[in-house]
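The values are calculated or read from the model by the stated rules, or taken from the named source; none is laboratory data. In this text, all values refer to a predicted model and were calculated from it rather than measured experimentally. Note: ideal-geometry Cβ built from the backbone for every residue, glycine included; neighbour counts use all protein chains shown. Each accessible area value is taken on the protein alone, full model and side chains, heavy atoms only, with ligands, DNA and RNA left out. Shrake-Rupley method; radii C 1.70, N 1.55, O 1.52, S 1.80 Å.
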Amino acid sequence: MSVMPDDDIVLEGIGLKKHFGGGGLLSKPTIVRAVDGVSLAIRRGETFAIVGESGCGKSTLGRLLLRLIEATEGDVRYEGRSIVKLDKGELRKLRRELQIIFQDPFASLNPRMNVGDIIAEPIWLHNLASGRAKRERVADLMRTVGLLPTHADRYPHEFSGGQRQRIGIARALAGDPKLIVGDEPVSALDVSIQAQIINLLEDLKDRFGLTLAIVAHDLAVIRHMSDRVAVMYLGEIVELSETDALFDNPLHPYTQALLAAIPSPSPTNRQPMALLQGDVPSPAAPPPGCRFHTRCPHARALCKEQHPVLEAAPDGRQVACHFWREIQGAGAGSISAPPPSAALAKRLALYRTWRERQDKPVATSP
Ligand code: SF4
(Lines give C-alpha, C1' and ligand atoms only; values in the text may rest on other atoms or scores of the structure.)
Protein backbone atom coordinates (compact mmCIF):
# COMPACT_ATOMS: atom_id res chain seq x y z
CA MET A 1 0.00 0.00 0.00
CA SER A 2 1.31 3.44 -0.89
CA VAL A 3 1.88 5.65 2.13
CA MET A 4 0.71 8.75 0.25
CA PRO A 5 -2.13 9.28 -2.22
CA ASP A 6 0.14 10.54 -4.98
CA ASP A 7 0.47 9.18 -8.53
CA ASP A 8 3.87 10.73 -9.05
CA ILE A 9 5.87 8.99 -6.34
CA VAL A 10 9.30 7.96 -7.53
CA LEU A 11 10.77 6.33 -4.42
CA GLU A 12 8.92 4.98 -1.45
CA GLY A 13 9.97 3.43 1.84
CA ILE A 14 7.33 1.37 3.63
CA GLY A 15 7.74 0.33 7.26
CA LEU A 16 11.51 0.40 6.96
CA LYS A 17 13.58 -0.90 9.85
CA LYS A 18 17.30 -1.30 10.21
CA HIS A 19 18.48 -2.90 13.42
CA PHE A 20 22.17 -3.53 14.03
CA GLY A 21 23.31 -6.20 16.49
CA GLY A 22 26.21 -5.53 18.88
CA GLY A 23 28.04 -7.02 21.87
CA GLY A 24 27.30 -10.59 22.90
CA LEU A 25 30.63 -12.28 23.66
CA LEU A 26 31.43 -10.73 27.03
CA SER A 27 28.56 -8.32 27.23
CA LYS A 28 24.82 -8.54 26.85
CA PRO A 29 23.78 -8.46 23.18
CA THR A 30 22.25 -5.17 22.17
CA ILE A 31 20.12 -4.21 19.22
CA VAL A 32 20.59 -0.71 17.88
CA ARG A 33 17.39 0.46 16.24
CA ALA A 34 18.93 2.88 13.76
CA VAL A 35 15.76 3.12 11.67
CA ASP A 36 12.61 1.85 13.30
CA GLY A 37 9.49 1.77 11.17
CA VAL A 38 9.82 4.63 8.69
CA SER A 39 7.41 5.18 5.81
CA LEU A 40 7.82 8.01 3.33
CA ALA A 41 7.30 8.76 -0.33
CA ILE A 42 9.46 11.00 -2.51
CA ARG A 43 7.73 12.74 -5.41
CA ARG A 44 9.25 13.04 -8.84
CA GLY A 45 11.16 16.29 -9.33
CA GLU A 46 11.10 17.46 -5.73
CA THR A 47 13.90 18.01 -3.25
CA PHE A 48 13.02 15.95 -0.22
CA ALA A 49 15.02 16.53 2.94
CA ILE A 50 15.60 14.18 5.85
CA VAL A 51 16.75 16.12 8.89
CA GLY A 52 17.63 15.38 12.50
CA GLU A 53 20.42 15.39 15.03
CA SER A 54 23.48 13.22 14.68
CA GLY A 55 22.58 9.57 15.32
CA CYS A 56 18.88 9.92 14.48
CA GLY A 57 19.15 7.37 11.66
CA LYS A 58 18.85 9.75 8.71
CA SER A 59 21.98 8.53 6.87
CA THR A 60 20.99 4.90 7.45
CA LEU A 61 17.57 5.70 6.01
CA GLY A 62 19.19 7.30 2.93
CA ARG A 63 21.20 4.12 2.35
CA LEU A 64 18.17 1.89 2.89
CA LEU A 65 16.24 3.82 0.25
CA LEU A 66 18.98 3.07 -2.30
CA ARG A 67 19.44 -0.49 -1.01
CA LEU A 68 23.08 0.22 -0.26
CA ILE A 69 22.35 -1.65 2.97
CA GLU A 70 19.69 -4.31 3.49
CA ALA A 71 16.61 -3.52 5.55
CA THR A 72 15.81 -5.62 8.60
CA GLU A 73 12.17 -5.19 7.73
CA GLY A 74 10.02 -3.23 5.29
CA ASP A 75 9.94 -2.50 1.60
CA VAL A 76 11.45 0.04 -0.81
CA ARG A 77 9.65 0.74 -4.07
CA TYR A 78 11.16 2.54 -6.98
CA GLU A 79 8.59 3.69 -9.55
CA GLY A 80 6.07 1.32 -7.97
CA ARG A 81 8.29 -1.77 -8.04
CA SER A 82 9.80 -3.36 -4.94
CA ILE A 83 13.60 -3.31 -5.05
CA VAL A 84 14.36 -5.24 -1.87
CA LYS A 85 14.39 -8.62 -3.60
CA LEU A 86 16.17 -7.66 -6.81
CA ASP A 87 19.14 -9.89 -7.64
CA LYS A 88 22.64 -8.50 -8.21
CA GLY A 89 22.20 -7.99 -11.95
CA GLU A 90 18.88 -6.17 -11.59
CA LEU A 91 20.30 -4.10 -8.77
CA ARG A 92 23.27 -3.07 -10.90
CA LYS A 93 20.93 -1.77 -13.60
CA LEU A 94 19.02 0.13 -10.97
CA ARG A 95 22.20 1.77 -9.64
CA ARG A 96 22.37 3.78 -12.84
CA GLU A 97 19.12 5.54 -11.97
CA LEU A 98 19.60 5.86 -8.21
CA GLN A 99 22.83 7.53 -7.18
CA ILE A 100 24.38 8.92 -4.02
CA ILE A 101 26.71 11.79 -3.18
CA PHE A 102 28.64 11.21 0.03
CA GLN A 103 29.51 13.59 2.83
CA ASP A 104 33.24 13.16 2.61
CA PRO A 105 34.26 13.65 -1.00
CA PHE A 106 37.82 12.52 -0.34
CA ALA A 107 36.91 9.22 1.31
CA SER A 108 34.40 8.43 -1.45
CA LEU A 109 36.92 8.76 -4.31
CA ASN A 110 39.44 6.04 -5.10
CA PRO A 111 42.84 7.73 -4.54
CA ARG A 112 44.51 5.41 -7.06
CA MET A 113 42.24 6.36 -9.95
CA ASN A 114 42.53 9.58 -11.88
CA VAL A 115 39.49 11.79 -12.05
CA GLY A 116 38.69 10.90 -15.65
CA ASP A 117 38.53 7.20 -14.75
CA ILE A 118 36.50 7.88 -11.59
CA ILE A 119 33.86 9.75 -13.56
CA ALA A 120 33.99 7.24 -16.41
CA GLU A 121 33.42 4.24 -14.13
CA PRO A 122 29.58 4.30 -14.26
CA ILE A 123 29.74 4.88 -18.04
CA TRP A 124 31.93 1.79 -18.39
CA LEU A 125 29.93 -0.23 -15.86
CA HIS A 126 26.63 0.37 -17.63
CA ASN A 127 28.12 0.14 -21.10
CA LEU A 128 26.94 3.61 -22.07
CA ALA A 129 29.87 4.68 -24.22
CA SER A 130 33.43 3.71 -25.03
CA GLY A 131 36.59 5.16 -26.57
CA ARG A 132 36.31 8.72 -27.76
CA ALA A 133 32.59 9.00 -26.94
CA LYS A 134 33.37 8.06 -23.34
CA ARG A 135 36.16 10.63 -23.11
CA GLU A 136 33.87 13.31 -24.53
CA ARG A 137 31.15 12.35 -22.08
CA VAL A 138 33.62 12.67 -19.18
CA ALA A 139 34.79 16.06 -20.48
CA ASP A 140 31.14 17.19 -20.73
CA LEU A 141 30.43 16.07 -17.19
CA MET A 142 33.50 17.87 -15.87
CA ARG A 143 32.43 21.09 -17.59
CA THR A 144 28.89 20.63 -16.26
CA VAL A 145 30.07 20.56 -12.65
CA GLY A 146 32.57 23.38 -13.10
CA LEU A 147 35.81 21.41 -13.51
CA LEU A 148 38.36 21.74 -16.28
CA PRO A 149 38.37 18.69 -18.61
CA THR A 150 42.14 19.15 -18.95
CA HIS A 151 42.40 18.02 -15.31
CA ALA A 152 40.97 14.57 -16.06
CA ASP A 153 44.35 12.90 -15.59
CA ARG A 154 44.86 14.34 -12.11
CA TYR A 155 44.24 12.42 -8.89
CA PRO A 156 41.76 13.27 -6.10
CA HIS A 157 44.44 14.56 -3.71
CA GLU A 158 45.32 17.27 -6.24
CA PHE A 159 41.90 18.90 -5.83
CA SER A 160 40.34 21.04 -3.08
CA GLY A 161 37.41 19.79 -0.98
CA GLY A 162 34.85 21.61 -3.09
CA GLN A 163 36.40 20.33 -6.32
CA ARG A 164 36.37 16.79 -4.96
CA GLN A 165 32.68 17.11 -4.19
CA ARG A 166 32.19 18.29 -7.80
CA ILE A 167 33.99 15.12 -8.94
CA GLY A 168 31.58 13.07 -6.81
CA ILE A 169 28.65 14.88 -8.36
CA ALA A 170 30.00 14.32 -11.89
CA ARG A 171 30.36 10.62 -11.13
CA ALA A 172 26.80 10.50 -9.79
CA LEU A 173 25.55 12.16 -13.00
CA ALA A 174 27.52 9.89 -15.33
CA GLY A 175 24.83 7.21 -15.58
CA ASP A 176 21.98 9.71 -16.26
CA PRO A 177 20.33 9.12 -12.88
CA LYS A 178 16.73 9.98 -12.05
CA LEU A 179 17.21 10.36 -8.31
CA ILE A 180 20.24 11.34 -6.27
CA VAL A 181 20.55 11.00 -2.51
CA GLY A 182 22.91 13.60 -1.06
CA ASP A 183 24.18 12.34 2.30
CA GLU A 184 25.26 15.55 4.06
CA PRO A 185 26.64 16.70 0.70
CA VAL A 186 28.02 20.01 1.95
CA SER A 187 28.64 19.56 5.67
CA ALA A 188 32.32 18.68 5.24
CA LEU A 189 32.99 21.82 3.17
CA ASP A 190 33.88 25.41 4.05
CA VAL A 191 30.84 27.65 4.28
CA SER A 192 31.68 29.64 1.13
CA ILE A 193 32.11 26.38 -0.82
CA GLN A 194 28.88 24.99 0.62
CA ALA A 195 26.92 27.75 -1.09
CA GLN A 196 28.55 26.94 -4.44
CA ILE A 197 27.79 23.23 -4.18
CA ILE A 198 24.19 23.91 -3.11
CA ASN A 199 23.71 26.18 -6.12
CA LEU A 200 25.31 23.58 -8.38
CA LEU A 201 22.97 20.85 -7.12
CA GLU A 202 19.94 23.07 -7.66
CA ASP A 203 21.06 23.96 -11.20
CA LEU A 204 21.65 20.31 -12.06
CA LYS A 205 18.29 19.31 -10.65
CA ASP A 206 16.53 21.79 -12.96
CA ARG A 207 18.72 21.02 -15.95
CA PHE A 208 18.43 17.23 -15.80
CA GLY A 209 14.98 16.91 -14.21
CA LEU A 210 16.40 15.15 -11.17
CA THR A 211 14.72 14.24 -7.93
CA LEU A 212 16.91 14.97 -4.90
CA ALA A 213 16.78 13.46 -1.43
CA ILE A 214 19.02 15.47 0.89
CA VAL A 215 20.10 14.04 4.23
CA ALA A 216 21.29 16.87 6.45
CA HIS A 217 21.41 18.19 9.99
CA ASP A 218 21.75 21.81 8.91
CA LEU A 219 18.42 23.59 8.83
CA ALA A 220 19.74 26.54 6.83
CA VAL A 221 20.66 24.15 4.02
CA ILE A 222 17.33 22.34 4.31
CA ARG A 223 15.29 25.53 4.18
CA HIS A 224 17.20 26.80 1.20
CA MET A 225 17.04 23.62 -0.86
CA SER A 226 14.06 21.46 -0.05
CA ASP A 227 10.38 21.29 -1.00
CA ARG A 228 9.41 18.90 1.77
CA VAL A 229 11.06 17.80 4.98
CA ALA A 230 10.93 14.68 7.13
CA VAL A 231 12.16 15.33 10.67
CA MET A 232 13.69 12.25 12.32
CA TYR A 233 14.22 11.50 15.99
CA LEU A 234 15.72 8.24 17.29
CA GLY A 235 14.99 6.25 14.15
CA GLU A 236 11.48 7.54 13.54
CA ILE A 237 9.86 10.34 11.56
CA VAL A 238 8.16 12.73 13.96
CA GLU A 239 7.01 15.34 11.43
CA LEU A 240 6.68 15.39 7.65
CA SER A 241 5.73 18.63 5.99
CA GLU A 242 6.10 21.10 3.15
CA THR A 243 9.25 23.12 3.95
CA ASP A 244 7.58 26.54 4.26
CA ALA A 245 4.86 25.22 6.54
CA LEU A 246 7.41 23.46 8.72
CA PHE A 247 9.54 26.56 9.18
CA ASP A 248 6.54 28.90 9.60
CA ASN A 249 4.65 26.75 12.07
CA PRO A 250 6.36 23.59 13.31
CA LEU A 251 3.88 21.22 14.93
CA HIS A 252 6.07 18.73 16.77
CA PRO A 253 7.91 19.88 19.93
CA TYR A 254 11.14 18.40 18.58
CA THR A 255 10.85 20.36 15.33
CA GLN A 256 10.04 23.47 17.38
CA ALA A 257 13.19 22.94 19.43
CA LEU A 258 15.35 22.41 16.34
CA LEU A 259 14.05 25.60 14.76
CA ALA A 260 14.44 27.53 18.00
CA ALA A 261 18.15 26.78 17.77
CA ILE A 262 18.48 28.78 14.54
CA PRO A 263 19.67 32.33 15.20
CA SER A 264 17.75 35.21 13.67
CA PRO A 265 19.35 36.45 10.43
CA SER A 266 18.61 40.03 11.46
CA PRO A 267 21.24 41.72 13.66
CA THR A 268 18.46 43.86 15.18
CA ASN A 269 16.37 40.85 16.12
CA ARG A 270 18.80 38.55 17.85
CA GLN A 271 17.25 36.28 20.40
CA PRO A 272 19.05 33.86 22.67
CA MET A 273 19.39 30.53 20.96
CA ALA A 274 17.46 27.71 22.52
CA LEU A 275 18.99 24.29 22.12
CA LEU A 276 17.61 20.97 23.16
CA GLN A 277 18.34 19.91 26.70
CA GLY A 278 20.02 16.61 27.41
CA ASP A 279 21.45 14.05 25.07
CA VAL A 280 19.66 11.93 22.53
CA PRO A 281 18.89 8.61 24.27
CA SER A 282 20.66 5.55 22.93
CA PRO A 283 18.96 3.93 19.94
CA ALA A 284 19.84 0.64 21.66
CA ALA A 285 17.44 1.51 24.47
CA PRO A 286 14.90 4.03 23.19
CA PRO A 287 12.54 5.38 25.87
CA PRO A 288 9.10 3.76 26.03
CA GLY A 289 6.06 5.64 24.77
CA CYS A 290 7.07 8.75 22.88
CA ARG A 291 10.82 8.54 22.29
CA PHE A 292 11.11 12.30 22.73
CA HIS A 293 9.48 12.37 26.17
CA THR A 294 12.79 12.50 28.09
CA ARG A 295 13.56 15.87 26.46
CA CYS A 296 10.12 17.24 25.70
CA PRO A 297 8.95 20.25 27.74
CA HIS A 298 5.32 19.25 27.11
CA ALA A 299 5.56 15.60 28.17
CA ARG A 300 2.71 14.18 30.25
CA ALA A 301 2.00 10.78 31.77
CA LEU A 302 0.49 9.45 28.53
CA CYS A 303 3.69 10.26 26.64
CA LYS A 304 5.68 7.82 28.77
CA GLU A 305 3.26 4.99 28.08
CA GLN A 306 1.82 5.33 24.63
CA HIS A 307 3.81 5.58 21.42
CA PRO A 308 2.41 8.32 19.18
CA VAL A 309 2.01 7.39 15.51
CA LEU A 310 2.23 9.78 12.57
CA GLU A 311 -1.20 11.29 12.00
CA ALA A 312 -2.41 13.64 9.31
CA ALA A 313 -2.84 17.29 10.23
CA PRO A 314 -5.52 19.25 8.32
CA ASP A 315 -3.00 20.91 5.98
CA GLY A 316 -1.65 17.55 4.78
CA ARG A 317 1.28 17.44 7.16
CA GLN A 318 2.00 14.44 9.31
CA VAL A 319 2.99 14.67 12.95
CA ALA A 320 3.64 12.09 15.68
CA CYS A 321 2.65 13.72 18.96
CA HIS A 322 -0.33 13.07 21.26
CA PHE A 323 -0.78 16.76 22.00
CA TRP A 324 0.28 18.62 18.85
CA ARG A 325 -3.05 20.46 18.61
CA GLU A 326 -2.65 21.98 22.07
CA ILE A 327 1.07 22.62 21.71
CA GLN A 328 0.83 24.29 18.30
CA GLY A 329 2.42 27.71 18.45
CA ALA A 330 3.32 27.43 22.11
CA GLY A 331 6.41 25.28 22.05
CA ALA A 332 9.69 26.86 21.15
CA GLY A 333 9.69 29.63 23.74
CA SER A 334 9.44 27.24 26.64
CA ILE A 335 12.60 25.36 25.75
CA SER A 336 15.56 26.75 27.63
CA ALA A 337 19.10 25.69 27.05
CA PRO A 338 22.73 26.48 27.69
CA PRO A 339 24.47 28.79 25.23
CA PRO A 340 25.98 27.11 22.17
CA SER A 341 29.61 26.11 22.08
CA ALA A 342 32.05 28.63 20.59
CA ALA A 343 32.53 26.43 17.52
CA LEU A 344 28.80 26.12 16.90
CA ALA A 345 28.23 29.83 17.46
CA LYS A 346 31.00 30.63 14.97
CA ARG A 347 29.58 28.29 12.36
CA LEU A 348 26.07 29.68 12.77
CA ALA A 349 27.43 33.22 12.49
CA LEU A 350 29.12 32.27 9.23
CA TYR A 351 25.83 30.86 8.02
CA ARG A 352 24.03 34.02 8.99
CA THR A 353 26.42 36.00 6.83
CA TRP A 354 25.95 33.61 3.95
CA ARG A 355 22.16 33.67 4.28
CA GLU A 356 22.14 37.45 4.41
CA ARG A 357 24.17 37.56 1.22
CA GLN A 358 21.74 35.12 -0.40
CA ASP A 359 18.73 37.22 0.57
CA LYS A 360 20.29 40.58 -0.29
CA PRO A 361 18.86 42.23 -3.42
CA VAL A 362 21.32 43.18 -6.15
CA ALA A 363 22.87 46.51 -5.12
CA THR A 364 22.06 49.58 -7.18
CA SER A 365 24.02 52.81 -7.29
CA PRO A 366 22.88 55.34 -4.73
FE1 SF4 B 1 6.17 15.66 23.76
FE2 SF4 B 1 4.28 13.93 24.49
FE3 SF4 B 1 4.21 15.02 22.08
FE4 SF4 B 1 6.07 13.23 22.70
S5 SF4 B 1 3.87 12.89 22.57
S6 SF4 B 1 6.39 15.13 21.61
S7 SF4 B 1 6.49 13.74 24.81
S8 SF4 B 1 3.99 16.09 24.03
* To do: With label points built 7 Å along Cα→Cβ from the Cα atoms of L128 and E158, find their separation and express it in nm.
  => 2.4
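When Lys and Arg each count +1 and Asp and Glu each count -1, what net charge do the other residues less than 14 Å away from A170, Cβ to Cβ, add up to? Don't skip to the answer; put the middle values down first.
Numbers: positive: K134, R135, R137, R143, R154, R164, R166, R171, R207; negative: D117, E121, E136, D140, D176, D203.
Net local charge, A170 excluded: +3.
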* Asked: With θ set to phi - 60° and the Karplus curve 6.51 cos²θ - 1.76 cosθ + 1.60, what are the ³J(HN,Hα) couplings of segment 152-159 in order, to the nearest whole Hz, using x for Gly and Pro?
  -> 5, 8, 8, 9, x, 5, 8, 10
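Given a 1.4 Å probe, how much area per residue of segment 16-121 is accessible, in Å²?
Numbers: 5220 Å² over 106 residues.
Normalised by residue count, the accessible surface of segment 16-121 is 49 Å².
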* **Of K85/K205; K178/K205; K18/K88; K17/K88, pairs whose Cα-Cα distance is over 18 Å** => K85/K205; K18/K88; K17/K88
* Structure fact -> In debye to the nearest 20, the charge dipole size for segment 33-140, taken about the Cα centre with +1 at each Lys and Arg Cβ and -1 at each Asp and Glu Cβ, equals 380
* State the answer as a single residue: which of L173, A152, S192 lies farthest towards the positive end of the charge dipole of segment 129-281, with beta carbon charges of +1 for Lys and Arg and -1 for Asp and Glu, about the Cα centre. => A152
* Formal net charge of residues neighbouring K85 (Cβ-Cβ distance under 13 Å; K, R +1; D, E -1) -> 0
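Would you mind working out the accessible area per residue for segment 173-228, using a 1.4 Å probe, and quoting it in Å²?
Computed with neighbouring chains in place, this is 33 Å² per residue.
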* Give the carbon-plus-sulfur fraction of the accessible surface of segment 91-172 in %, rounded to a whole number; probe 1.4 Å, heavy atoms of protein chains only. => 46
* Residue list for segment 219-254, given a label point 7 angstrom along the Cα-to-Cβ vector of A312 and an amide N cut-off under 20 Å -> 228-231, 237-246, 251-252
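Relative to the present Cα-Cα distance, how much length would full extension add between T30 and D203 at 0.36 nm per residue of separation?
Details: separation 173, 0.36 × 173 = 62.28 nm, distance 4.43 nm.
Working it through step by step, the gained length comes to 57.8 nm.
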* Structure fact -> antiparallel share of DSSP beta bridges within segment 166-251, to nearest 5, in %, is 55
* Among residues other than E184 whose Cβ falls under 10 Å from its Cβ, what is the net charge (Lys/Arg +1, Asp/Glu -1)? -> -2
